[in-house]
Amino acid sequence: MTFIIIYVTHKNLKEAKKISSHLLKKRLIACVNFFPIESNYWWNNKITNSKEIISLLKTKKENWLKVKSEVKKIHPYTTPCIMKFDVEANDDYEKWINKEIT
């Protein structure tokens, strides 16, 4: 059994929690973790530095397109970072994830 982790960057914890709560209420994800980061990237032809929050969203592979679509709808960034990682975990954890998601 495998599932995915979806990596999303946010401007702050409030925005990250808003999006994650939306996904949890729709039962598209089983859980989420938040991490503060500092990012350096090209934006508008210059290198930009900013503090951001990463959310790691845990869900079934089949939910990738639904989660990506929902995040895009409500994310305030013009170009949000939404990436998918295929992962494996212990059987009990994967069973729990599948049980919690519709």
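Here segment 27-102 was treated as a single set of alpha-carbon atoms; its pair distances binned every 5 Å from 0 give 3, 12, 21, 23, 16, 12, 8, 4, 2, 0 percent.
The chymotrypsin sites (Phe, Trp or Tyr not before Pro) of segment 50-102 that meet both conditions, a loop assignment by DSSP and at most 15 other Cβ atoms within 10 Å of the site Cβ, are Y77.
Protection proxy ranking of 10-16, 26-32, 55-61, by the mean of other Cβ atoms within 10 Å over each peptide's residues and highest first, is 55-61, 26-32, 10-16. Under the rule of -39500 (n - 2.57) per DSSP H run of 4 or more residues, summed and divided by the residues of the chain, what mean residue ellipticity at 222 nm is obtained, to the nearest 500 deg cm²/dmol? Taken over the chain, the calculation gives -10000 deg cm²/dmol. Out of the GluC sites (Glu not before Pro) in segment 49-102, which ones are loop residues according to DSSP with at most 11 other C-beta atoms within 10 Å? For GluC sites (Glu not before Pro) across segment 49-102 that sit outside H, G, I, E and B with at most 11 neighbouring Cβ atoms in 10 Å, the list reads E88. Cross-link partners for K14 among the aspartates and glutamates, with Cα-Cα distance under 15 Å and sequence neighbours closer than 8 places in the same chain left out: E52.
Quick note: the coordinates plus some simple rules give every number you see, no bench work behind them. The structure displayed is predicted, hence computed values, not measured ones. Neighbour counts are summed over all protein chains in view; Cβ atoms, including those assigned to glycine, are modelled from backbone coordinates with ideal geometry.
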